[in-house]
Structure formats: C-alpha cells, structure tokens
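Derivation of every value follows stated rules applied to the coordinates shown; laboratory data play no part. Please read these numbers as outputs of a predicted model, since none were measured by experiment. Using ideal geometry, Cβ is built from the backbone for each residue, glycine included, and neighbour counts are taken over all protein chains shown.
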Amino acid sequence: MIKKIAKDEWASGLSKLAKTYRLFGPVAERGPDGARTFHNFKALAPGELPDLDLGNTRLSAKSLVFPQSEAMFTYTLDEDRDDHHILKEVPADGMSRVAFGIRPCDAKALAMVRMNFDTPEYKDPYWLRLYEATTFVGLACDAPCPTCFCTSTECGPYHEEGLDLLLCAEGEGLLAKAITEKGERLLADAGWEEAADQDLGARKAAAEGCITSRIGTDQLAEGDLLDLHGADFWEDVAFACINCGTCTYLCPTCWCFDIQDEVFKQEGQRLRQWDSCMFPIFTVHTTGHNPRDTKTQRVRQRFMHKLKYFVDKYEKGIMCVGCGRCVRHCPVNIDIRKVADLMNRYTSDAAKAEQA
Amino acid sequence: MLTYIDEIRAASARLLQEGAVEMVVGFRQGSQPMMNEPCLIRRPEDVDTLVWDSHCGINLTNYLTNRKEKIAVIAKGCDARNIVTHIIENKIEREQLYILGVPCQGMVDKRQIAMRVAGEITEVGESDTEIRVQTTRGEIQTFAKAEVLQQNCTLCTHRNPVLYDALIAEAVSEQTVDRYTDVAAIEAMTIGERQQYFQDLFAPCIRCYACRNACPLCYCPTCFVDEAQPQWVGKGQDAVDVMTFHFLRAYHCAGRCTDCGACERACPVGINMRVLTKKLEKDCVNNFGWEAGLSPDVRPALDTFNLDDPDKLIK
C-alpha cells in the first residue's frame with residue numbers, strides 16, 4: 001500500500017519520530033562561500049530536515065552502520081586501577097535509528113555487505129547492532145546521473161532490496177511504500193497513513209529508461225580466474241592510478257577495515273577503521289614482505305575482487321551496485337565500467353579462441 | 001592551445017620512431033566530462049590517443065618517479081618545475097628525459113563549472129577562450145575560461161616551462177599577480193579564529209590521501225602516516241590527527257611545492273589544503289628569496305645556507 005505524505009506532514013512526522021528515534025539523512029556540506037557543495041549522511045539536528053534535493057551523497061550510506069572510525073573497546077594502563085589491561089566493550093547507544101534518503105544502490109550495497117558481516121559462522125556485533133537498530137528509508141531516483149549503471153548490477157532506481165521503506169517525490173510532497181514491517185511501523189509512528197491511489201510501476205519503468213550507462217558482466221563467472229589475473233591489460237588499466245583511497249572509501253560495497261590501538265597517557269581505545277586495498281601498507285607482512293608491492297597488483301586486486309573473486313565466491317553477481325561514485329571522483333579517471341568491459345570481453349574472447 | 005595536440009603527437013611519434021625515447025607520458029581522453037587520464041604510450045602508431053585540452057591538470061611528474069627508461073613527458077609550467085625538483089632530488093636523471101614543454105594558460109576547475117550549472121554535465125567543448133557544457137536538462141552554457149580556472153592557475157607566475165627540450169608552441173605572456181591574498185587573510189586571524197578556520201577546512205577529510213598521492217613531491221617509500229613503529233599520528237577521524245596529517249604533509253613540501261594544484265584537484269571532498277603549502281611558499285620567498293623548481297643548478301632553500309639570506313638569523 002502506497003501512502004501519501006504532504007509537505008507539512010513531512011516535517012511534523014519527523015518531529016514525532018525524533019522523540020523515539022535518532023534521525024539521520026543527507027545534509028549539504030557548505031563551501032567557504034556558504035554555497036552547497038555536496039551531501040553526506042549526518043545525524044539530523046533537532047528540527048533539521050534531511051535534504052532530499054540531491055543526486056547522491058558524496059560518501060555512501062555504509063558509514064551509517066560501518067563508521068570510518070569506531071571504538072570497539074576501551075582500557076586503562078593505570079596499574080593502580082583494578083581493571084587495568086582489561087578490554088571493556090563500548091556499549092551501544094541502544095536507541096532506534098532512522099536513516100532517510102538512502103538511494104536504492106546504497107541499500108542494495110548494505111544487503112551485500114551484510115553477507116560479510118552476518119554469516120552463520122561469524123556475526124560482527126558492531127555492524128549488526130547498528131544495522132538492526134536502523135530503519136532504512138530509501139529515496140527512489142527519478143533523475144539518475146549519467147554515471148549511474150545500476151540496471152546492469154541487478155539493482156535499479158526503484159530497487160527495494162535492503163530498504164524498509166521507499167520514498168519518491170510527488171509534487172511538493174512524497175509517496176511512501178512500506179517494504180518491511182519495520183517500514184510499516186515507521187509510517188504509523190510518524191502518522192503518515194493517508195493512502196495514495198497510485199502504484200509506482202510506471203515511474204519505475206520511466207526511471208529505468210533514464211539510465212544510459214551499462215556494463216557487460218555476463219561472461220565473468222565463466223572465465224578462468226588465473227587467465228583473467230594474468231590478462232595483458234592490467235598495466236595499462238593501472239598506469240594512471242595514484243593509489244589513493246578515494247574509490248574504496250566512497251564505495252558502498254567496500255568493507256575492509258583495520259584495527260588499531262590508540263593510547264593517550266594511561267587511557268587506550270581499540271578502534272576499527274576503514275582500510276583500503278589501494279594502500280601499500282594494507283598487505284605488508286610483519287617480516288616487511290609485501291605480496292602486493294606494486295600498484296598494478298593493487299589495482300588488479302580491487303577489480304578482481306569486485307568483478308571475479310566475489311562473483312565466484314557468492315554466486316550473486318558482481319560486488320558493485322553501479323552508483324558511479326568511483327567513476328565520478330577518481331582523481332585520474334579510472335573507470336570501473338571500462339575495466340568491467342575489458343574483463344568481460346577478455347573472457348568471452350578466450351572462450352571463442354578455445355572453441356576455434 | 002587547441003592546436004597544441006598536433007605538435008604533441010608529431011613530436012611523440014618522431015621521438016618513438018627515432019628510438020630517442022622508449023615511452024611518452026601524456027594524457028588520453030577521459031571517460032568523464034572535464035577529465036583526462038594520464039597514460040603511457042610506447043608505440044608510434046598509438047600517439048593519436050594522446051589529447052591536450054583544458055582538462056590536463058594532473059601533474060605528470062608524479063609518473064616519472066624512480067623510472068629507469070628514457071621518457072618523453074608533456075610538461076606544463078608547473079610540471080616542468082616539479083621535474084626540476086625531481087632532478088635535484090635524484091628521482092630521475094635529466095638525461096633520461098625529453099621534455100615537451102607546453103606553454104599553459106591554465107586548467108579548468110570542473111567543480112566550479114559543476115556548481116554553476118543545473119543538472120549533470122554530459123558533454124564539454126572548448127574554444128581558445130571559452131568552455132561550453134551541455135547538461136542532462138539539455139541546456140548549453142558557456143563560460144569564459146579565465147573565469148573558471150583552477151585557483152592556482154589564476155595565480156600562476158610560471159606558465160611557461162622553465163626546462164624543456166622542445167617547446168610545442170610559442171611562449172605565452174606571464175601574469176603579474178599577488179599570490180598570497182588568501183594566506184594574508186589567514187595570517188591576520190587571531191589564533192582562535194585560525195584554529196577554527198583549520199578545523200572547518202579539514203572537517204570533511206576522509207584520510208584517502210589523494211592529496212598526498214597526487215603530489216609529485218610525496219614519494220617516500222613509507223609515509224609518516226603509515227609508520228607503525230613509532231606511530232606518529234592516529235589513523236582515524238579524530239580532528240587533531242586529521243590536522244596533524246595535513247600540517248605535516250605541508251611541511252614536507254616546504255621549499256619544494258610549485259603550487260601545481262594537484263592536491264586540491266584530487267581531493268574527493270573539495271578541501272583547499274593549498275593554503276598551507278602557499279603559506280610555506282610565501283615564507284620561502286620572503287625569508288630566502290626562494291621559488292621552487294626554477295633551475296636544476298641551484299640548491300633548494302632547505303638544503304643549503306647562504307650568507308646573503310635576507311633573514312637576519314644567520315648574520
């Protein structure tokens with residue numbers, strides 16, 4: 001059932017929700033001259049509305065459940081204290097959260113990242129407690145960017161996977177479609193219960209029609225892993241790369257982290273921080289040996305992980321949702337769409353050569 | 001400037017054919033509007049993939065570090081000054097290089113243009129004086145190039161390469177500008193205001209190190225931020241750690257930075273960290289009469305002393 005949210009009900013609903021939930025949403029960063037530059041997800045101040053007038057946030061929604069720096073434990077080195085040298089867990093804040101304005105690509109990415117943090121053998125308590133505490137409210141894309149290729153990644157501008165509720169703009173107000181029980185509860189809690197006599201099918205089709213960028217991935221699963229690893233194009237793909245962390249830090253599906261202890265005087269904390277396979281230090285062994293010592297090896301690792309290793313391991317397509325952030329913000333214009341096509345074509349050429 | 005590419009391709013093909021160089025470092029057409037991709041050409045038949053326009057702001061000196069081959073490199077004024085610095089610092093030998101010097105009238109700041117148009121930019125064209133962009137809304141907008149240049153280009157006083165083997169076009173006129181009005185404004189702040197200014201400036205930083213890695217000066221095998229024993233700085237998002245990274249990075253560029261703008265251009269969150277390196281540049285000019293990268297035969301300010309230094313300290 002689709003609900004209708006009038007402009008004034010939006011603000012009043014949010015202030016109702018703020019009593020029981022912590023609210024997050026896209027907020028515009030401002031340049032030195034006060035002009036809006038780009039959006040990122042932030043905790044909303046009392047009375048602040050999420051800014052839904054955006055293409056997409058500069059950083060993905062992953063930080064909502066996987067912060068760039070997160071304290072896991074604290075400890076003291078002060079031997080006068082009984083609990084010295086004992087790790088103490090940092091308690092969760094325990095409050096329910098709502099994250100507004102998540103694009104469907106980022107929502108699918110959350111579901112994908114969950115495959116890493118929530119498995120039958122291992123459950124990551126930090127990721128899961130934030131994930132479970134959050135109601136994810138999506139924002140459908142009626143005007144996708146030229147760099148969006150989500151229809152090639154089993155996603156799309158109205159894709160619902162990973163979301164509890166999907167919003168789309170309707171005149172001055174919004175339409176809301178509950179996808180899960182969590183989403184229905186949120187609608188009730190906010191008092192957004194006026195039914196709309198609409199369905200989103202036509203809008204979905206129109207939005208999908210606006211996606212002009214596509215990639216081919218159909219051959220990737222078939223290809224021989226070692227062949228692809230030894231392909232002749234990696235030096236050329238990697239030449240321009242400066243090995244910064246932009247692609248991996250902006251990516252909604254990159255999930256790697258490092259654990260560091262930081263001590264100030266006698267008080268320490270154990271932090272989990274985002275890490276990046278683009279950094280040489282990512283793979284340095286304690287012996288000093290680095291198995292991925294060159295930038296070509298590191299660039300190849302990133303693309304092989306997203307477009308081959310993940311494909312083979314999970315059999316759920318590629319580890320990319322087509323948000324286009326790495327394409328838009330790579331300082332040297334390395335384009336995953338070009339690399340995906342190179343890899344796909346290489347595999348299909350190899351298959352043809354074998355048949356001939 | 002739009003005809004530069006013919007000469008760049010002809011010279012590159014000639015050098016590769018004659019065997020004078022093994023490779024050419026230049027730019028190829030990017031996949032994004034207002035972006036080109038640094039590339040390496042080894043065969044004369046591939047020189048047509050080279051491009052040159054107002055979107056070649058990346059500093060190609062970054063791609064020369066520690067290479068052993070004979071290389072032709074396309075160099076703007078700033079790139080040439082960084083090549084000089086590379087030669088002084090033994091990161092490449094002068095004899096390895098054939099420098100194709102490009103007199104430069106500035107590179108376009110794509111973010112400024114993106115901010116000024118509604119919708120997304122899909123196509124870009126240019127004449128000698130104008131940039132024309134088309135958007136997803138079907139609109140076409142035109143900007144005078146001079147109004148949408150990277151800030152470092154508007155302040156550039158060495159647009160012509162200082163070191164080259166061939167200049168691919170006639171030299172352009174040099175600008176006379178006050179390079180340091182923004183630095184002076186920060187110097188005029190109280191300590192409290194300045195601290196707030198830097199906190200705000202670096203608040204969006206995500207520690208991706210694009211600024212460091214786009215910079216030809218940053219070639220240490222292990223950067224101080226990556227050292228574990230001792231660990232000089234925390235790796236997280238603590239504001240003091242973030243500022244420590246930026247301040248120390250800038251100090252490592254003192255007397256070496258050419259204000260090529262690679263750091264600011266590369267930043268995915270639009271931080272103008274150049275205010276730090278410009279302050280150090282200003283101090284070098286005022287205290288030592290030193291500008292980086294003008295001659296391979298003069299030792300840099302921080303690696304020598306001179307009894308004629310304008311500063312009183314040594315007298």
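Miscellaneous remarks
- Mean per-residue shielding of peptide B:262-269 is 5, counting Cβ atoms of other chains within 10 Å of each Cβ.
- Prolate/oblate/rounded call for segment B:178-315, Cα gyration tensor, a/c under 1.5 rounded: prolate
- The ranking of B:Phe143, A:Phe279 by Cβ neighbour count inside 10 Å, starting from the fewest, reads B:Phe143, A:Phe279.
- Checking the cross-link pairs B:Lys70/B:Lys110; B:Lys235/B:Lys278; B:Lys91/B:Lys312; A:Lys338/B:Lys145; A:Lys88/A:Lys123 against a 22 Å limit on the alpha carbon distance flags B:Lys70/B:Lys110; B:Lys235/B:Lys278; B:Lys91/B:Lys312; A:Lys338/B:Lys145 as lying beyond it.
- Among the trypsin sites (Lys or Arg not before Pro) in segment A:1-93, those placed in a DSSP loop whose Cβ has at most 12 other Cβ atoms within 10 Å are A:Lys19, A:Arg81.
- For the protein assembly as shown, the share of alpha carbon pairs falling in successive 20 Å distance bins from zero is 16, 49, 30, 4, 0 percent.
- FRET efficiency, 1/(1 + (r/R0)^6) with R0 35 Å, evaluated for A:Glu154 and A:Arg22 via beta carbons: 0.65
- Shielding score for B:224-235, defined as the mean number of other chain Cβ atoms within 10 Å: 3
- Projected label distance in nm at A:Asp83 and B:Gln151, using a 7 Å step from Cα toward the beta-carbon: 4.7
- Under 25 Å of direct C-alpha separation, and excluding same-chain neighbours fewer than eight residues apart, A:Lys19 reaches these lysines: A:Lys3, A:Lys4, A:Lys7, A:Lys42, A:Lys62, A:Lys177, A:Lys182.
- Take every pair of alpha-carbon atoms less than 8 Å apart whose residues are at least six positions apart; their mean separation over the length of segment A:5-149 yields a relative contact order of 23 percent.
- Cβ-defined net charge surrounding B:Pro103, 14 Å radius [Lys, Arg +1; Asp, Glu -1]: -2
- Per residue Cα convex hull volume in Å³ - calculated over chain B: 158
- The chymotrypsin sites (Phe, Trp or Tyr not before Pro) of segment A:80-176 that DSSP puts in a loop, and whose beta carbon has at most 14 other beta carbons within 10 Å, are A:Tyr122.
- Each Lys and Arg contributes +1 and each Asp and Glu -1, all at the Cβ; summed about the Cα centre of segment B:4-57, the dipole is approximately 100 debye.
- Extension reserve of the A:Ile259-A:Glu170 stretch, reckoned as 0.36 nm per residue once the Cα distance is removed: 27.6 nm
- Chain A shape via C-alpha gyration tensor axes, a/c threshold 1.5: oblate
- In Hz, Karplus ³J(HN,Hα) per residue of segment B:245-254 (6.51, -1.76, 1.60; θ = phi - 60°; x = Gly, Pro): 4, 5, 5, 5, 4, 4, 4, 5, 9, 4
- Working from Cα pairs under 8 Å separated by at least six residues, relative contact order for chain B is 16 percent.
- For trypsin sites (Lys or Arg not before Pro), the sites in segment A:254-344 that DSSP calls loop and that have at most 13 other Cβ atoms within 10 Å are A:Lys265, A:Lys316.
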